[in-house]
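Peer 1: Mind having a look at this structure? Questions to follow.
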Amino acid sequence: MEQAIYVIGLLVIALVAVCYYVIRHPVRQETPAAEKENPQNTMEQDNQETNPYEGMTQRERLLAVLKEMNCQPEEDTEEPDRILVAYQGERFIIDYSEKSKYISIHDVWWYNAPLDDIELLSDIRKVVNACNFDNHTTLIYTINTEENVIGVHCRQSMVFVPEIHNLKDYLASQFVDSFRQHQNFHARLNALKGQAVPTDNK
């Protein structure tokens with residue numbers, strides 16, 4: 001009987017010793033070798049899971065965002081780094097480069113006038129210069145001597161990277177700003193001519 005009590009006592013002491021060791025020396029989980037070699041792998045994987053545009057090329061990113069906007073982008077067969085897209089009835093041209101964080105948006109020939117009207121040509125130049133003071137969307141005008149017309153266009157340059165929050169709304173806001181310049185231009189031009197400002201729902 002005494003021997004049994006002695007054995008039980010030894011077992012209790014051993015069990016207490018094992019518990020004490022485990023508490024004082026917790027088992028450390030080994031880090032996978034791949035993570036040790038490149039700890040950024042896990043971070044990049046997490047970023048890709050939270051940001052669907054991470055890891056895309058500039059072209060892929062543009063096409064993905066435009067499709068999210070319910071647009072139907074087309075690639076220009078003559079210009080490999082150009083995308084054509086219609087938004088709210090307006091035709092836009094987007095130029096990009098895989099080596100750049102910037103893209104350029106062009107809204108061309110949305111207004112034109114005959115070259116024969118000298119007074120109107122002067123007014124157009126004045127209005128274009130005035131509009132460029134209060135809007136980041138730049139207005140430019142070009143002359144087509146073959147068709148004897150002057151045309152007004154919008155041009156924008158913007159950063160387009162996956163780190164920007166909500167790329168879809170960000171890109172849409174640039175299109176909308178082009179429409180604001182349409183209104184701005186017409187309002188100023190009609191003011192010079194003494195006419196009423198036309199209604200523009202864009």
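Peer 1: Testing G55 on (1) closer than 25 Å to D169 by Cβ; (2) modelled with pLDDT of 95 or more, one condition comes back false. Which one is that?
Peer 2: Only one criterion in (1) closer than 25 Å to D169 by Cβ; (2) modelled with pLDDT of 95 or more is unmet by G55, namely (2).
Peer 1: Looking at region 87-117 only, could you name the residues that are part of a strand (DSSP E or B) and over 21 Å from H186 (Cβ atoms)?
Peer 2: Pass one, region 87-117, residues part of a strand (DSSP E or B): 87, 90-96, 102-114.
If the condition is that a residue be part of a strand (DSSP E or B) and over 21 Å from H186 (Cβ atoms), then I93, I94, D95, Y96, Y102, I103, S104 are the ones that fit.
Peer 1: What's the total number of residues in region 150-168 that are within 30 Å of D123 (Cα to Cα) and either among the small types (G, A, S) or part of a helix (DSSP H, G or I) (or both)?
Peer 2: Start the filter on region 150-168 by keeping residues that are within 30 Å of D123 (Cα to Cα), which leaves 150-158.
From the residues that got through so far, the ones that are either among the small types (G, A, S) or part of a helix (DSSP H, G or I) (or both) too are 151, 157.
Residues that pass the stated criteria total 2.
Peer 1: What pairs can you find where one residue is in region 169-182 and in a helix (DSSP H, G or I), the other is among the basic types (K, R) and surrounded by fewer than 18 Cβ atoms within 10 Å (Cβ to Cβ), and their Cβ atoms are less than 8 Å apart, with a gap of 6+ or different chains?
Peer 2: V176/K202; F179/K202; H182/K202
Peer 1: Related question: So, E146, is that one farther than 30 Å from P52 by Cβ and open to solvent by 30 Å² or more (accessible area, probe 1.4 Å) or not?
Peer 2: Spelling it out, E146 is indeed farther than 30 Å from P52 by Cβ and open to solvent by 30 Å² or more (accessible area, probe 1.4 Å).
Peer 1: If you go through region 68-85, how many residues are under 14 Å from L171 (Cβ atoms) and surrounded by 15 or more Cβ atoms within 10 Å (Cβ to Cβ)? Lay out the reasoning, then the answer.
Peer 2: First, the residues of region 68-85 that are under 14 Å from L171 (Cβ atoms): 68-71, 73, 83, 85.
Now narrow it down to the ones that are surrounded by 15 or more Cβ atoms within 10 Å (Cβ to Cβ): 69, 71, 73, 83, 85.
Final tally of qualifying residues: 5.
Peer 1: E147 versus (1) without any contact (Cβ under 8 Å) to a residue 24 or more places away in the chain; (2) farther than 22 Å from E90 by Cβ; (3) assigned to a loop (DSSP other than H, G, I, E, B): which is the lone unmet condition?
Peer 2: The one condition E147 does not meet is (2).
Peer 1: Which numbered condition in (1) open to solvent by less than 30 Å² (accessible area, probe 1.4 Å); (2) more than 30 Å from E60 (Cα to Cα) is the only one that P162 fails?
Peer 2: (2)
Peer 1: Another one. Within region 86-138, take every residue that is within 21 Å of the chain's Cα centre (by Cα) and open to solvent by 90 Å² or more (accessible area, probe 1.4 Å) and give me the one that is nearest to E75 (Cα to Cα).
Peer 2: Checking each candidate, the answer is R91.
The values are calculated or read from the model by the stated rules, or taken from the named source; none is laboratory data. Treat the numbers as computed from the prediction; the structure is a model and nothing was measured. Quick reminder, even Gly has a Cβ in these numbers, built from the backbone with ideal geometry, and neighbours come from all protein chains shown. The area values use the complete protein model at the heavy-atom level, side chains included, leaving out ligands, DNA and RNA. Shrake-Rupley method; radii C 1.70, N 1.55, O 1.52, S 1.80 Å.
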